[in-house]
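First up is the structure itself, then whatever we jot down about it.
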Amino acid sequence: MWFVRASCSWILASCIFLIATYLFETIAILNIPFTLVNLFLCVLVVDLLSYWHHRLCHEINILWAVHIVHHQSEDLNLSTVFRVSFLAVFTRALFLIWAVVIGFSPEMVVTSMLFLGIFQFLTHSRVVGKLGVLDQVFSTPSNHRVHHARNEEYINHNYGHIFILWDKLFKTYIPEKFEPVYGITTGIEDDNVGYSNFSYLKDLFSRVRRTERFRDKVVLFFARPEWTPKDVGFTPPVYETDPDGNRIIRQQKVNQLTGLYLIFNSAITLGLFVLLISKIGDPKQFNLNHFVSNFSNIGLIALIVFSAFSLGRFTDKKWDSQILESLRLIALPFLVGFIFFRSIGIWLPAAVAIYSVVMLLWLWKKEKVIKTRASQYLDS
């Protein structure tokens with residue numbers, strides 16, 4: 001779920017902004033004023049730094065372990081923009097912080113990142129075709145489709161965020177010649193937040209533990225993803241194939257009622273995320289010690305993370321999804337009551353409690369297969 005990643009990302013970004021402000025005020029080489037011309041220069045610098053961050057994310061294992069989340073989807077649409085690991089905020093900051101060291105203010109860098117984010121949102125599309133001369137200058141949807149391909153011819157190309165000129169300059173550009181096939185070469189087992197964010201990292205540490213040479217243990221973290229020690233093979237792919245051996249594109253089929261359940265409960269979790277962001281407030285005034293000392297804040301974060309995990313299990317029809325969803329629906333009114341009872345009274349906790357009861361009744365009436373799922377799990 002994108003909102004749990006966004007929640008963690010926002011908290012981490014607030015801390016990074018404070019660090020960037022400190023660096024700008026203490027060690028910045030220049031003090032570049034915030035003007036339109038300088039903002040354009042800042043966009044160029046941030047785009048160049050983002051190119052190298054993006055490229056190295058594909059060339060260094062430990063960075064790929066974070067970035068792989070963005071490439072796991074076997075489709076390409078606007079929602080793919082939000083499929084990112086919250087740790088990506090940290091890895092990107094390691095590169096973009098140099099713009100602050102040069103002398104661009106944190107506010108200017110953040111504004112430039114907003115331009116990059118908006119532009120990236122527009123490039124994740126299969127609807128927009130080729131755009132002629134624009135494809136030669138910008139990272140258009142056609143160019144970015146190539147980047148998300150798992151076709152051998154396309155892999156590791158077109159890293160640019162706004163400008164494709166960096167790819168042409170550093171020899172990583174290739175035009176779209178045919179409709180790509182999307183996703184990662186090894187496939188993905190499910191879309192659960194925990195699995196999607198940490199599956200490759202788990203695999204990486206597993207290979208580090210199993211290889212015998214100490215040098216290989218160290219090198220593996222910084223090697224290209226296509227390399228592995230001679231005494232440790234790659235983890236087998238997890239995708240399914242048809243009788244002819246062709247890879248089956250993973251699709252999650254959800255009926256209408258289940259889809260409505262997911263929409264309503266995702267909206268509730270999104271509301272919790274918005275509430276959390278409102279409690280964080282201005283990043284400049286953010287105090288981590290004060291924030292984590294408030295039990296309601298910790299409860300919100302825990303419920304958001306648990307909700308994303310539970311709804312992911314429910315979407316993937318896992319055997320324990322009803323139990324997890326029941327626990328989430330029971331915890332929800334208690335947390336809302338704890339946060340809001342003193343400020344606005346009983347009506348909101350009562351409304352949420354009624355909602356939770358309705359959802360619980362629907363969940364257990366419609367989904368009468370928990371014993372079947374559990375037995376299937378145990379038998380396997």
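Matching residues to (1) polar (S, T, N, Q); (2) within 22 Å of the chain's Cα centre (by Cα):
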residue: ARG126; (1), (2): no, yes
residue: VAL133; (1), (2): no, no
residue: GLN136; (1), (2): yes, no
residue: THR140; (1), (2): yes, yes
residue: HIS157; (1), (2): no, yes
Here are ARG83, ARG92: which of them is within 23 Å of PHE306 (Cβ to Cβ), in the same structural domain as PRO180 (by TED's automatic domain parsing) and modelled with pLDDT under 95? ARG83
With ILE339, ILE354, ILE370 as the choices, which residue is among the β-branched types (Val, Ile, Thr) and at pLDDT 80 or above? ILE354
On the given criteria, is LEU116 in contact with a Leu (Cβ under 9 Å, 6 or more places away or on another chain), closer than 30 Å to ILE32 by Cα and of a type outside the set (Val, Ile, Thr)? no
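Which one is surrounded by the fewest Cβ atoms within 10 Å (Cβ to Cβ), of the residues in region 234-276 that are at pLDDT below 65 and not polar (S, T, N, Q)?
If we filter region 234-276 for residues that are at pLDDT below 65, which is where we start, we get 251-255.
Still in the list and also not polar (S, T, N, Q): 253-254.
On the way: LYS253: 6, VAL254: 14.
Here the answer is LYS253.
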Residue under evaluation LYS279, criteria (1) of a type in the set (D, E, K, R); (2) in a loop (DSSP other than H, G, I, E, B); (3) modelled with pLDDT of 65 or more, criterion not met: (2)
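Identify, from the list VAL69, VAL109, the residue that is assigned by TED's automatic domain parsing to the domain that holds ASP203, part of a helix (DSSP H, G or I), touching a residue at least 12 places away in the same chain (Cβ under 8 Å) and more than 23 Å from VAL305 (Cα to Cα). Walk me through it before giving the result.
Numbers: VAL69 fails: more than 23 Å from VAL305 (Cα to Cα).
Answer to the selection: VAL109.
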For the structure I just gave you, tell me whether VAL101 is buried (at least 16 other Cβ atoms within 10 Å of the Cβ) and in a helix (DSSP H, G or I). no
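The rows are residues; the columns are (1) among the acidic types (Asp, Glu); (2) buried (at least 17 other Cβ atoms within 10 Å of the Cβ); (3) in contact with an Asp or Glu (Cβ under 6 Å, 6 or more places away or on another chain); (4) not in a helix (DSSP H, G or I).
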| position | (1), (2), (3), (4) |
| --- | --- |
| SER125 | no, yes, no, yes |
| GLY129 | no, no, no, yes |
| ASN151 | no, no, no, yes |
| HIS157 | no, yes, no, yes |
| GLY160 | no, yes, yes, yes |
| LYS171 | no, no, no, yes |
| GLU176 | yes, yes, no, yes |
| ILE184 | no, yes, no, yes |
Going through PHE90, PHE86, PHE115, PHE119 one at a time, which residue ends up being in a helix (DSSP H, G or I) and within 24 Å of SER199 (Cβ to Cβ)? PHE90
Mind checking whether some residue in region 306-322 is β-branched (Val, Ile, Thr) and either over 22 Å from LEU262 (Cα atoms) or at pLDDT below 80 (or both)? yes
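Quick one: how many residues across region 136-147 are in a loop (DSSP other than H, G, I, E, B) and buried (at least 23 other Cβ atoms within 10 Å of the Cβ)?
Of the residues in region 136-147, the ones in a loop (DSSP other than H, G, I, E, B) are 137, 139-140.
Narrowing the set further to residues that are buried (at least 23 other Cβ atoms within 10 Å of the Cβ) leaves 139-140.
Here the count works out to 2.
The values are calculated or read from the model by the stated rules, or taken from the named source; none is laboratory data. In this text the structure is predicted, and so the values were computed from the model without any measurement. Don't worry about glycine lacking a Cβ; one is built from the backbone with ideal geometry, like all the others, and counts go over all protein chains shown.
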